[in-house]
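First the structure, in the form of structure tokens, and then the observations on it.
The values are calculated or read from the model by the stated rules, or taken from the named source; none is laboratory data. What you see is a predicted model; the values in this text were computed from it and never measured. Here the Cβ positions follow ideal geometry from the backbone for every residue, glycine too, while neighbour counts run over all protein chains shown.
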Amino acid sequence: MRMNLLLLCTLFAAAAGFMPADEASPPEPPRVALLNPLGINANATTRVILRGWNLKDTKSVSADREGVIVNVLKHESANVPGRQKAEEIGDQQLELEIVTPAEPVEGELGLIVETAAGKSAPARLLIGARQPVLTETEPNDSFAQAQLISVPQLVTGEIHADANVDVYRFELSEPQTVRVRVIAGDLGAGLDSLLTLYNAAGNVIRQSDDQPDSRDSLLQLPLAAGTWLVVIQDAHDRGGPAHPYRLEVTAVDAPDQAR
């Protein structure tokens, strides 16, 4: 009788919702999707957006190189454009201020986010550059609006919206082998780059989508003296704050030339 009474009480408690709930699953540690911009200068103070997941209760963000100071300025929800997914590009972001030391620094550093749930894996951020650095300037969406760059040059930019293209123009005073490289997806950016080289008449000379081990684009070919145009876009016509890139243009000695 006691057994039946105990069983009835247990069933009643369960039906009424009085049974203790299962323990809540532990909070997940922070994860970083990408940084925008993808690189910063040495001896500078730079604002950087860190985008990812589980960032709400961030205690600190630290760098794995001595002398680099990281301040967290703001936490907020991250905009997810309509054709993209939060699970791929993150749904939260931190606004950071990063101060790099005065001594020359080049290479990369890792940024580590810490919350009560743990630490993130280091997110790679390039630092310093061998080429002169230029920031993309809009509008540069057509041949007529092409932004002039030099050779060599490093451009920091962003495909800022769906169906956006960025166009750059460079001049060669003599025949030269030129290497044009996009750095984006390899550093976590959502951009799946498509890179196209045109001559001054608007004819396609060469195009690069993915490389064998990367979705970033690379062109290297001999060019004649004259005007050349480089167009960078997303292969799926997507864009937004998760689509930053670095465009490297360098010269390489070679005897042949293409027209």
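If you check Thr46 against the conditions, is it within 16 Å of the chain's Cα centre (by Cα), of a type in the set (Ser, Thr, Tyr) and farther than 20 Å from Val182 by Cβ? Yes; evaluated as a whole, the condition is true for this residue.
Remark: pairs (first residue in region 52-69, within 15 Å of Pro122 (Cβ to Cβ); second residue assigned to a loop (DSSP other than H, G, I, E, B) and among the polar types (S, T, N, Q); Cβ separation under 6 Å; 6+ apart in sequence or on different chains) = Val68/Thr100.
Is it the case that Ser77 is more than 30 Å from Asp234 (Cβ to Cβ) and within 20 Å of the chain's Cα centre (by Cα)? Show your work before the answer.
Values: more than 30 Å from Asp234 (Cβ to Cβ): no; within 20 Å of the chain's Cα centre (by Cα): yes.
Against the criterion (more than 30 Å from Asp234 (Cβ to Cβ) and within 20 Å of the chain's Cα centre (by Cα)), Ser77 does not qualify.
Please work out if Glu106 is farther than 21 Å from Pro29 by Cβ, surrounded by fewer than 20 Cβ atoms within 10 Å (Cβ to Cβ) and acidic (Asp, Glu). So Glu106 fits the description; yes. The residue of region 112-128 that is modelled with the highest pLDDT, among those that are in contact with a Ser or Thr (Cβ under 9 Å, 6 or more places away or on another chain) and under 12 Å from Gly39 (Cβ atoms), is Ile127. Do you know which residues across region 38-47 are surrounded by fewer than 20 Cβ atoms within 10 Å (Cβ to Cβ) and either basic (Lys, Arg) or at pLDDT 95 or above (or both)? Within region 38-47, Thr45, Thr46, Arg47 meet the criteria. When region 125-150 is filtered for residues that are more than 15 Å from the chain's Cα centre (by Cα), surrounded by 19 or more Cβ atoms within 10 Å (Cβ to Cβ) and of a type in the set (A, V, I, L, M), the ones remaining, listed by number, are Ala146, Ile149. Of all residues in region 80-124, which are of a type in the set (Asp, Glu), over 12 Å from Leu55 (Cβ atoms) and within 15 Å of the chain's Cα centre (by Cα)? Residues satisfying the conditions are Glu88, Glu108. Counting only strands (runs of 3 or more DSSP E) that fall entirely inside region 134-184 and contain at least 1 residues that are of a type in the set (Phe, Trp, Tyr) and at pLDDT 95 or above, the qualifying elements are 165-172.
Residues of region 60-80 that are surrounded by 12 or more Cβ atoms within 10 Å (Cβ to Cβ) and among the basic types (Lys, Arg): Arg65 alone.
Condition check ((1) closer than 27 Å to Lys85 by Cβ; (2) in contact with a strand residue (DSSP E or B) (Cβ under 6 Å, 6 or more places away or on another chain); (3) buried (at least 19 other Cβ atoms within 10 Å of the Cβ)) across all residues:
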{"residue": "Arg179", "(1), (2), (3)": "no, yes, no"}
{"residue": "Ala189", "(1), (2), (3)": "yes, yes, yes"}
{"residue": "Leu195", "(1), (2), (3)": "yes, yes, yes"}
{"residue": "Asp209", "(1), (2), (3)": "yes, yes, no"}
{"residue": "Arg215", "(1), (2), (3)": "yes, no, no"}
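Check whether at least one residue in region 203-210 is outside the structural domain of Arg51 (by TED's automatic domain parsing), within 26 Å of the chain's Cα centre (by Cα) and at pLDDT below 95, and report yes or no. Yes: one or more hits.
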